[in-house]
Amino acid sequence: MTHKSRSRHGPFTTTTTNPAMAKRRVNIESDDEGAPNPSPASKRARTEDNSDVEVEQNTHSQRNKGKGKARAGAEDKDSSDEEDQEMEEPTDNINDEQFEEKFQEMIEKAVDAKRNVVGGIAEHGIIESIEMHQFMCHRFLSFQFGPQINFIIGHNGSGKSAVLSAITIALGGKSTSTGRGSGLKSFIREGQPASEVTITLKNQGEEAYKPHEYGKSIQITRRFTKEGNSTWKIKGTKSKNTISTKKEELSAICDHMNIQVDNPMNVLTQDAARQFLSASAPVDKYKFFLRGTQLSQLATEYETCLENITNTTNILKNKKDAIPDLKQALREAGAKYQEAAQAMKQQEKAKALKIELAWAHVKVKEKELQKKAEDLEKAKRQLEKIEASIATAQEDLEKAGDDVRTHEDELSAVGNIDDLVERRNALKEEIRARRDKIMKCNSDLKNINTSTTGLNKSIAELERNIAAETERMAKDTQDKREAFARKQAQAQSKVTELENTLKENAHRKSEIKERIDSSKQAGEEKQRELEQLKQNISSIENDISQLKRSENNKYAAYGPGMAQAIARIAQTKWYGDVPLGPLGLHVKIRDPDAWADLLAQQLSGQLTAFAVTDARDRETVKKILESCNLRGNQIIIYEKDMFDYSDGEPDRDILTVLRAMEIENPFVERILINQRGIERLMLARSRKDGEGVLRRVGGGNAWTQDLFNVRRFPEGGGSTNPLSRPARSQMLRNEDTATRQKYLEDERSKLESLYGPLNQEVQRLRTSFLAAKQEEGQLATNDRKVHSLFGRAKQEVQALNQEANEDTPVNIQGLEEAKTESEQEKDDLLKQFAEISRTKEELSQTNNALVQQENDLKLQINNFHQREHDIRARVEEAVAVRIKAQGAVRHYESKAAEANRQIEAAEGALGATTEEFKTPPPKIGPRVETNKKPEDIERQMNNVKNALHEREKRQGATVDEIVKEVNTARERLERAQKDYKSMVHLNKILKQSLLVRLSRWQEFRRHIALRCKMVFRYNLSQRGYYGNILFNHSEQTLTLKVQTDDQLATQDGSKEKDPRSLSGGEKSFSTICLLLSLWESIGCPLRCLDEFDVFMDAVNRRISMKMMIDTANQSDKKQYILITPQDMNNIRIGPTDRAFLLWAS
């Protein structure tokens, strides 16, 4: 269990770890007869600070010249200082009262918070079942334990305690710790040869022990016989086979699951608890406390560590005494070495010259060999390129052949249009017949017009006769007729006036309608121009804003994320060369005003492209561009081949795209040549000039400044297509930011100067349109009034004419009848005219439809001819490509033959030189780079050897022997000093580590003691008692004080009394309170207690039982096995609890 608490008096965090709760290595102590008793230090508790001390050894050895004695003295002084440092006991900076005052509140909160939490069920380390065969008084007994609380109930003599003894024995505990026997033989049922105990441990969750081998449960079986033999069998649920029979495996399982069966705090009998409470001295109680919490085991291990450190210090003193003798031996060898130093220098020089001479000879030959190998590799690389070019040319040839066959098949599949021609001829005949009928209708209409003219003349003559007769008769009633005539004239005048008004209104209507349409059309057109002007101004303002944002970004023309993409490309590792791109960065235009925008539009795909030399880099470049929101950029794979392209260029006076550019990178230049053929793509000022240039060079493509793409074929024919007007581009203009911004601002000023007048014109047209619409409405109102007056006037004229006809004489009436007949005949002719006109119109409409059909057929025939012409053009073009590919294949094949001849010659020369290197050279030492000639080195080496020979004669010993002696003495001294220094340093670190661990051990002990006090007080308060646990860590005593409810009436009103004076029930209750307080400080998942309530009265037993059940329910991942002889009917058993009843046999 780990308790973390923060001090309120400072920024430090105190971590207290209960070593008994941590996973530790458990040593299974054997009860086999004759087995030696192990050392108490064999059981090791692991805490949170259980990492081994790492010792960094710096054993850097250095040869000392001149300052060796001073450095050696300093090293001796440091070693002495480290060695003489004595072990200091950790001092307590705070007494128990201060410690309790400091941490009491924090621990109280932690304990109180835990009481309200329901503990979880353990996933490993608890007992699922137990079986006993011929064990103690039981022939066979088995239990299936619950995961939390288990009660074993039975009268005295029923064998309850045998269950705890079986648990201890099966899990490797000592038989003496059970209090039931001195050896394993005493646990065998009387009259039986052997006994066997099987325990099944739960093994689930993330911390399960080897779940792939054992599964969800581990079954441990221990069998022992009267002869003293004892064996284990460890199995799992995954297999019925025995996995292990070794005690070490059981030790590992108990260590992993933190099971401590020999800990008296985990399996406690009533006699042991009562003895601890009433009979033990304070010193014995303190030892019991240390042993139960395993603090004593840590103290024993620390004492062992201190003893080892002391022994190491004594060994280091002996090692230190041997160092002066080694130093003296080194000084004596050094004196000899100084005498032979000059000779050694001469010898080293001779060796160096010998090695240099050998490598000088090697270098001469290597240069020769390298030169020939380079020539061979160069020829092979050239051949590989030529072979690749041959393969490419052959592929192009095959593709061109496939294209020719495809286009020829397409031409054959076109078929003919004979049926269309026949249908067109039939339509022409039908159109001609209908045109004849229309001409006949025109003739009939002309005859009707002639007849109508004659009738008009007859009607006019009859009107003159009627007028004369009327005048003659008017003399009789002149006055009456004059009045009637004036009335008629007035009515007719009024009709004529209104009719003229209607005609004038109709004319004005037409004028106003024309004005409205004109104003509307002009206004809409000007409004579109105004909107387009607004968009242009907004676009320029956006360009200016973007230009300001990317003022220092030369990549802005290639996209907003291009700068980021180029930076990432520069930081990335590549299989091939660093990718080139965008390619437009390496291109400048000689005449940007004439060609920059056009070429930026036509070559945009290549100018924004990237190029890589290794195909594996293509995907990486694509991902970088997409991550920077750059999509659609081409990624070209190119080979660094400086091929000659001059053969494909036209005469020097002809402008091509290549000649219009300045390309700083030769590989970019060749990439554009391969991709778009810019060396043979012409540029011209006009369409006419482009056609002239293409005729001169015999065909090709040309882009013109007046925006045409002109194409001419070598065999004749061609096409001319318009190009879209390019926008102003920054990619090839190479303008600085200030120039581009000034241009945009000037363009904006021009557009803004046009905006005002254009807006005024739009407003004027809108005003004119509204005025015309208003005038049209007023005229419509007036026209309706005039129409009404005109109708009434005509009615008045008709009435007057009818009155005049009634007074007309008979002869006038005859003339009128003749006139009426003529007018009737005229009306018949007009009806015929209308019928013939209708027939003519029908014929015209039908004929127009036929003409449209004929035109459609004509268009289909023309399209067929155009398609046939296009296919033939493609066939001719594919044939030209095939011819060119055939020429390329022949060209590269001739180059390959020449390259093979060069390779054969280079291989012969290289083979001759390589033969000289086949004999393995002698070992001559590491390579020496030299520029001297071999003969100069040999002459210098002979001089040195002669001088060295003369010196050896004078000294009587070789230089090698003296050097060997010095090196041996130095190595011995350095090794001894290094070992001594590292051991001293390690011993010092171990001392410091032990001091830290002792200090934490003391603090840990205080935390456990304080927690025990608080939990003990709380448990006593459940009964209304008061008590305390007094720890004296310096004297190593533990005193227990308890006050009962009758305390004030006895013992002179003292608050506390000694446990020995307590009654049986009070002792048992106090034992339970003490045990529960100590259980808070141990980590074993098992809690076993034997006959805890045997001397309790009903009240104490009820409170104790409730307290234990509450504690068990609040404990996280713990299992309780409680043995009692009392009745448990008044206890409520939970879903995770079990109760077992035993009867005496």
Original post:
So between Ala880 and Glu377, what do we pick up on full extension, going 0.36 nm a residue minus the alpha carbon distance?
Top reply: 177.4 nm
Subject >> Label-point separation in nm, Arg1132 to His1033, each point 7 Å along Cα→Cβ >> reply: 4.2
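What ranking do Tyr743, Tyr555, Tyr575 get, fewest neighbouring Cβ atoms within 10 angstrom at the top? Don't skip to the end; give the middle numbers.
On the way: Tyr743 15, Tyr555 18, Tyr575 11.
Least to most surrounded, the residues fall as Tyr575, Tyr743, Tyr555.
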Original post:
What nm distance separates the two modelled labels at Glu775 and Asp402, each placed 7 Å from Cα along Cα→Cβ?
Top reply: 7.3
**OP:** Using only alpha carbon positions, build the gyration tensor of the range 573-718, then give the equivalent ellipsoid semi-axes as the square roots of 5 times its eigenvalues, largest first, whole angstrom.
**Re:** 31, 16, 13
Subject >> Euclidean distance between Cα centres, the range 358-404 to the range 640-695, Å >> reply: 29
Original post:
Based on the Cβ-Cβ distance from Lys503 to Arg659, what FRET efficiency comes out when R0 is 56 Å, to the nearest 0.05?
Top reply: 0.15
**OP:** Given a cut-off of 30 Å, name the pairs among Lys446/Lys858; Lys185/Lys235; Lys210/Lys1013; Lys235/Lys1106; Lys185/Lys233 whose C-alpha atoms lie farther apart than that in the structure shown.
**Re:** Lys446/Lys858; Lys210/Lys1013; Lys235/Lys1106
Subject >> Separation in nanometres of the label points that stand 7 Å from Cα toward Cβ, at Arg975 and Asp856 >> reply: 11.0
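Which of the GluC sites (Glu not before Pro) across the range 174-223 are loop residues per DSSP, with 11 or fewer other Cβ within 10 Å? Present the calculation step by step, with values, prior to reporting the outcome.
On the way: sites: Glu190, Glu196, Glu206, Glu207, Glu213; in loops: Glu190, Glu206, Glu207.
Those satisfying the criteria are Glu190, Glu206.
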Original post:
So who's got an amide H within less than 5 Å of the one on Ile589, skipping anything under 5 residues away but keeping other chains? H placed 1.01 Å off N, in plane.
Top reply: Glu662
Subject >> Net length gained if the chain between Ala818 and Ile637 were fully extended (0.36 nm per residue, minus Cα distance) >> reply: 54.8 nm
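Can you give the FRET efficiency for His212 and Arg927, using 1/(1 + (r/R0)^6), R0 = 45 Å, r = Cβ-Cβ distance, to the nearest 0.05? Each step should come with its number before you reach the end.
Details: r = 56 Å, r/R0 = 1.24.
So, using R0 = 45 Å, E works out to roughly 0.20.
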Original post:
In what sequence, highest mean first, do 286-296, 825-835 appear when ranked by Cβ atoms within 10 angstrom?
Top reply: 286-296, 825-835
**OP:** Run down the lysines and flag those whose C-alpha is under 28 Å from the C-alpha of Lys622, throwing out any fewer than 8 positions away in its chain.
**Re:** Lys385, Lys554, Lys573, Lys588, Lys640
**OP:** Assuming R0 = 30 Å, can you tell me the calculated FRET efficiency for the pair Leu420 and Ser724, based on Cβ-Cβ distance, to the nearest 0.05?
**Re:** 0.30
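Between Lys1041 and Ser749, what is 0.36 nm times their sequence separation minus the Cα-Cα distance? Round to one decimal in nm.
This chain segment gains 94.9 nm when fully extended.
Based only on other Cβ atoms within 10 Å, what is the fewest-to-most ordering of Val283, Val197, Val963?
Values: Val283 13, Val197 26, Val963 19.
Lowest to highest Cβ neighbour count: Val283, Val963, Val197.
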Original post:
With a sphere of radius 14 Å drawn around the Cβ of Gln852, what net charge do the other residues whose Cβ falls strictly inside it have (Lys, Arg +1; Asp, Glu -1)?
Top reply: +2
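Sorted from fewest to most neighbouring beta carbons within 10 Å, what does the list Ile516, Ile121 look like? Please list the in-between numbers first.
Working: Ile516 18, Ile121 15.
Arranged by neighbour count, lowest to highest, Ile516, Ile121 become Ile121, Ile516.
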Original post:
Across bins of 10 angstrom width beginning at 0, how are the C-alpha pair distances of the range 394-464 distributed, in whole percent?
Top reply: 15, 15, 14, 13, 11, 10, 8, 6, 5, 2, 0
**OP:** Please give the residues of the range 438-458, grouped as numeric ranges, whose backbone N is less than 20 Å from a label point set 7 Å along the Cα-to-Cβ vector of Glu841.
**Re:** 438-449
Subject >> Pairs from Lys202/Lys246; Lys317/Lys988; Lys160/Lys285; Lys174/Lys285 whose Cα-Cα separation, in the structure shown, is over 24 Å >> reply: Lys160/Lys285
Subject >> Rg(Cα) / (2.2 N^0.38 Å) computed for the range 160-227, rounded to two decimals >> reply: 1.31
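Listed here are the pairs Lys437/Lys831; Lys102/Lys1118; Lys216/Lys1117; which of them are more than 24 Å apart at the Cα?
Details: Lys437/Lys831 19 Å; Lys102/Lys1118 30 Å; Lys216/Lys1117 16 Å.
Too far apart for the 24 Å limit: Lys102/Lys1118.
Any read-out appearing in this document is the output of simple, stated calculations on the displayed coordinates, not a laboratory observation. Remember, predicted model here, so these are calculated numbers, not experimental data. Here Cβ is always computed from backbone atoms with ideal geometry, including for glycine, and neighbour counts include all displayed protein chains.
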